[in-house]
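All remarks here apply to the structure that follows.
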Protein chains: 2
Amino acid sequence: MPSLRPEPIEIAIIGGGIVGLVLAVGLLRRGIQVTVYEQAHGFREIGAGIAFTANAIQCMEQLDPAIVTALRSSGSVATSASNGVDKEAHDYLRWIDGYNQLDADDPSYQRMLYQIDAGYRGFEGCRRDQFLEALVKVVPPEAIRCRRRLQWIEESGLDERIGLAFVDGTRVEVDAVIGCDGIKSRVREILFGEGNPVSYPHYTHEVAYRTLIPMEAAIAALGEYKARNQHNHVGPRAHLIHYPVANNTLINATAFVMDREEWLDDKQMVAPASRGELEAAFADWSPCVRNVIRLFPEELEKWACFDLWDYPAPYYSRGKICLAGDAAHASTPHHGAGAGMGVEDALCLSTLIMEVVEAVQKEPTLKGAALKTAFETFGAVRRTRSQWLVNSSRTVRDFYHQVDWGEPAKWVKAETCFEELKDRSHKIWHFDYEAMKEEAVRLYRERMEWSRLGGAITMS
Amino acid sequence: MPSLRPEPIEIAIIGGGIVGLVLAVGLLRRGIQVTVYEQAHGFREIGAGIAFTANAIQCMEQLDPAIVTALRSSGSVATSASNGVDKEAHDYLRWIDGYNQLDADDPSYQRMLYQIDAGYRGFEGCRRDQFLEALVKVVPPEAIRCRRRLQWIEESGLDERIGLAFVDGTRVEVDAVIGCDGIKSRVREILFGEGNPVSYPHYTHEVAYRTLIPMEAAIAALGEYKARNQHNHVGPRAHLIHYPVANNTLINATAFVMDREEWLDDKQMVAPASRGELEAAFADWSPCVRNVIRLFPEELEKWACFDLWDYPAPYYSRGKICLAGDAAHASTPHHGAGAGMGVEDALCLSTLIMEVVEAVQKEPTLKGAALKTAFETFGAVRRTRSQWLVNSSRTVRDFYHQVDWGEPAKWVKAETCFEELKDRSHKIWHFDYEAMKEEAVRLYRERMEWSRLGGAITMS
């Protein structure tokens, strides 16, 4: 005879990155018992920027308004309307011909190609480390365990607890595990097996170089308007994107360059680089772009871009183990929506886990089946969209890097990409997360009903 | 002092294909004086099938309900729900693994990959020749001139008439010209210049083989369900599509095969072929597909697929000369939406020309400027979407022809294409033509207002 007292559901989140912490906050607010296991000593990260769409911020709001407060307190600014002049202005994404010098008399002239209105505060950018620091403060300290690097997951029956073994020899038991452990996810490797190509990210054959440039120098290089507003300079086999940060005192500039070689060391995605190789890659580009490249430091680093495009995860859960965020669908950064996709995941998961809580309150023996069903439903609802992002991010990079930008006879052809680019951006920005939640709940209940009927048939 | 009596507007449509005739019917119904100039002796065409989406049929309805009557009287049937059993059934588009033999015990087993619900009567198919024949009957005979092959267009000032010179030596004068003369458009060649790559279609490196197969033989080859319903068999570098026609007594089967060679003769897009070469292209495919291929005639023809992808038209009009339908944006047939895109064009043009009529009634001297503005507005409203179709049709072909379909380790990756395929289909099927009409009218009026203000400034 099962106990009638509602049992708590204990969930382990592997990885204390943005998605892991956002999910933890969302679950804790719903009264779920959650512990985050983070392999690092603390939450210090490189100071790279990260941006969220207005839509992703609405998802955060639904998870817990405290997440949005943390984002804003960490100094998030609307990326493009942050020119300090017009605070109500919409954010625009802009694409500009970065390759051709079109006016001998005015070297700063560049052909404007396209812009998309992303709406009022369409994108908000912040420093990743500052947002993480603010997020950690929202989570009670006892819900976070640092220096816990996952070694193995021990599964037995659906109604048994799951054991987590860490590299330091510690061990815990929980009801379910959610791997938010990023692109190099150990949970994914455990799920799909060591040596399986699905378990690892693969090289996208592009490298990124990033720097911060003082606004005055940026204005001298680009002109006032371009320096103070987001621009994406496109051209053959490379692109340069920049936008103002730090209350318009700096611009954040990132150059992406295609690389025909393989990336030799999968473990280390960063390598030392020189401005010389970057200048060589942009040698034929327009004077403005070359001006910006000259402002990169002489010694810098390049990031190899990896993603999960080549071998996408065929499913996002097995039993009571689930993947979310980059662990499930790490993409290249070209839509500026990778972390936002993980926030959507977190909203979906917390909605489903509330369904599990309700089921377990009525019928405690259902806990294992309900968790498994919730995770399966999560995959059914989220896998298609998140995998689409991985593909689409590659596709828009290919638009930016078209060799046709270098051939005037092909410009008309090259520019036909922007209709798709707009559709793809709108698919991300105008996501109907209410419909997602409804679909998740409906599918979960249908599946639970089937298994209940299946159980009844088995008993008869 | 201009005359106050409204002057008629005389429009020449070059080309009596489906788009030319649909546009003529739409304009005639609105009281516009239209003549269609067709180079052929009559309206006999090869008996190829053509399909329209429910959305395109709604556009026809708006142009003139007589067009829909003509379509239905020509024996159009819902392509996929035409199984004779369930008349209310929705049309589905289905994609199935045509390459791999997955069950040694059941050679007819094929992996179902994806299906999209196109709604009730989502697609209606008919024979092109029969629809044309029915359409011609809607147009008064005096509005059609056959055996008029366009040689040249003589333009002078905006307020002068346009002269049309035909190869037979005849000549007419009109107010405006709309080129609906298809993929090999002479109007496009005149607009962009002889020798300009934009003036000509280019080879897409795929050939199509088509046949009709008796339903009984099709059932023996494919099994009952597949024979009676539309299926798209995908695999490396080729695909086979079939659907029932002729009241379910036949299936229409078309095989598309990639071709690495150039197509030598641009004038002649059809070449003799043998079943042997088709069997060679599908030699490694699943038994069902090979069964169907064996039912093609031993001697047949192959169609080289051409489109306007490589060098898209940078604009759709110049002065009072305009392009519509395939003349403006010929695409490959993989969305089944090429003709429908031309029907949308016709609805946009007839909406805009009614604006011209209104302007000319108030101010007859505006005729030239109003026609030019209407055509410019047409391009502004239509070019992006129609050019997108050309690109998208290539993209979905690349999805069908992925080499990944031949490698089981890449199936999960290959199948991620279907989310895009669905979005792309929905973009075509759920077109908001009311919004298109509103946008066209709004832009046209804005442009006319600017030119009026410009005129006032010039006068002062």
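The values are calculated or read from the model by the stated rules, or taken from the named source; none is laboratory data. Just so we're clear, the structure is a prediction, and the values are computed from it rather than from any experiment. Note: ideal-geometry Cβ built from the backbone for every residue, glycine included; neighbour counts use all protein chains shown. Note: areas computed on protein heavy atoms with side chains; ligands, DNA, RNA excluded. Shrake-Rupley method; radii C 1.70, N 1.55, O 1.52, S 1.80 Å.
Looking only at residues of the stretch A:286-299 that are open to solvent by 10 Å² or more (accessible area, probe 1.4 Å) and within 13 Å of A:Tyr99 (Cα to Cα), we find that the one that is nearest to the other protein chains (Cβ to nearest Cβ) is A:Pro287. Of everything in the stretch B:300-320 that is part of a loop (DSSP other than H, G, I, E, B) and of a type in the set (D, E, K, R), the residue that is nearest to the other protein chains (Cβ to nearest Cβ) is B:Asp310. The one condition from (1) at pLDDT below 95; (2) over 30 Å from B:Asp423 (Cβ atoms); (3) of a type in the set (A, V, I, L, M) that B:Ala118 does not meet is (2). Only a single item in (1) in a helix (DSSP H, G or I); (2) crowded, with 21+ Cβ neighbours inside 10 Å is not met by B:Glu279, and it is number (2).
So which of A:Leu135, A:Leu113 ends up being surrounded by 19 or more Cβ atoms within 10 Å (Cβ to Cβ), touching a residue at least 60 places away in the same chain (Cβ under 8 Å) and either assigned to a helix (DSSP H, G or I) or not aliphatic (A, V, I, L, M) (or both)? Step through it out loud before you land on a result.
Values: A:Leu113 fails: either assigned to a helix (DSSP H, G or I) or not aliphatic (A, V, I, L, M) (or both).
Only one candidate qualifies: A:Leu135.
Just one residue in the set A:Glu189, A:Glu173 is over 30 Å from A:Val403 (Cα atoms) and in contact with a helix residue (DSSP H, G or I) (Cβ under 9 Å, 6 or more places away or on another chain); that residue is A:Glu189.
Residues of the stretch B:188-195 include at least one that is within 20 Å of B:Gly17 (Cβ to Cβ), touching a Leu at 6+ places or on another chain (Cβ under 7 Å) and of a type in the set (D, E, K, R). If you go through the stretch B:300-342 and keep only what is within 15 Å of B:Ser185 (Cα to Cα), open to solvent by 30 Å² or more (accessible area, probe 1.4 Å) and either among the polar types (S, T, N, Q) or within 12 Å of the chain's Cα centre (by Cα) (or both), you end up with just B:Asp326. For beta carbons closer than 7 Å, sequence separation of 6+ or different chains, a first residue in the stretch A:372-401 that is not assigned by TED's automatic domain parsing to the domain that holds A:Ile11 and of a type in the set (Lys, Arg) and a second that is at pLDDT 95 or above and assigned to a helix (DSSP H, G or I), there are no qualifying pairs. With the condition kept exactly as written, say whether any residue in the stretch A:434-445 is in a loop (DSSP other than H, G, I, E, B) and open to solvent by 10 Å² or more (accessible area, probe 1.4 Å). No, every residue in the stretch A:434-445 fails to be in a loop (DSSP other than H, G, I, E, B) and open to solvent by 10 Å² or more (accessible area, probe 1.4 Å). Taking the conditions (1) under 14 Å from A:Gly17 (Cβ atoms); (2) touching a His at 6+ places or on another chain (Cβ under 8 Å) in turn, A:Gly182 satisfies each one other than (2). The numbered conditions (1) among the aromatic types (Phe, Trp, Tyr); (2) at the interface with another protein chain (Cβ under 9 Å from one of its Cβ atoms); (3) under 19 Å from A:Tyr114 (Cα atoms) are all true for A:Trp388 except (3).
In the stretch A:244-261, the condition of being part of a helix (DSSP H, G or I), at negative phi and open to solvent by less than 10 Å² (accessible area, probe 1.4 Å) is met by no residue. The set of residues from the stretch B:23-68 being assigned to a helix (DSSP H, G or I) and out of contact with any helix residue (DSSP H, G or I) (no Cβ under 8 Å at 6 or more places or on another chain) comprises just one member, B:Pro65.
I'd like to check something: does the stretch A:391-406 contain any residue that is within 14 Å of chain B (Cβ to nearest Cβ) and more than 27 Å from the chain's Cα centre (by Cα)?
Of the residues in the stretch A:391-406, the ones within 14 Å of chain B (Cβ to nearest Cβ) are A:391-396, A:398-399, A:402-404.
The next check asks that each one be more than 27 Å from the chain's Cα centre (by Cα); those that pass are A:403-404.
There is at least one residue in the stretch A:391-406 that is within 14 Å of chain B (Cβ to nearest Cβ) and more than 27 Å from the chain's Cα centre (by Cα).
List the strands (runs of 3 or more DSSP E) that sit entirely inside the stretch B:160-242 and contain at least 1 residues that are among the basic types (Lys, Arg). Correct list: B:171-174, B:202-214. Scan the stretch B:138-159 residue by residue and report those that are assigned to a loop (DSSP other than H, G, I, E, B) and under 27 Å from B:Gly379 (Cβ atoms). If the condition is that a residue be assigned to a loop (DSSP other than H, G, I, E, B) and under 27 Å from B:Gly379 (Cβ atoms), then B:Val139, B:Arg148, B:Arg149, B:Glu155, B:Ser156, B:Gly157, B:Leu158, B:Asp159 are the ones that fit. If you go through the stretch B:395-428 and keep only what is within 18 Å of A:Ser331 (Cβ to Cβ) and of a type in the set (D, E, K, R), you end up with B:Lys413, B:Glu415, B:Glu419, B:Glu420, B:Asp423.
Yes/no matrix, rows are residues, columns are (1) assigned to a helix (DSSP H, G or I); (2) open to solvent by less than 30 Å² (accessible area, probe 1.4 Å); (3) in contact with a Leu (Cβ under 8 Å, 6 or more places away or on another chain):
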{"site": "B:Ala359", "(1), (2), (3)": "yes, yes, yes"}
{"site": "B:Thr365", "(1), (2), (3)": "yes, no, no"}
{"site": "B:Leu371", "(1), (2), (3)": "yes, yes, no"}
{"site": "B:Arg382", "(1), (2), (3)": "yes, yes, no"}
{"site": "B:Phe399", "(1), (2), (3)": "yes, no, yes"}
{"site": "B:Leu421", "(1), (2), (3)": "yes, yes, no"}
{"site": "B:Arg424", "(1), (2), (3)": "yes, yes, no"}
{"site": "B:Arg452", "(1), (2), (3)": "yes, no, no"}
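Which of the residues belonging to the stretch A:274-285 are of a type in the set (Gly, Ala, Ser) and either within 14 Å of chain B (Cβ to nearest Cβ) or within 30 Å of A:Leu389 (Cβ to Cβ) (or both)?
Our first condition is that a residue be of a type in the set (Gly, Ala, Ser); within the stretch A:274-285, this holds for A:274, A:276, A:280-281, A:283.
Selection gives A:Ala281 alone.
Scan the stretch B:262-276 for residues that are polar (S, T, N, Q) and either in a loop (DSSP other than H, G, I, E, B) or surrounded by 20 or more Cβ atoms within 10 Å (Cβ to Cβ) (or both) and the total you get is 1.
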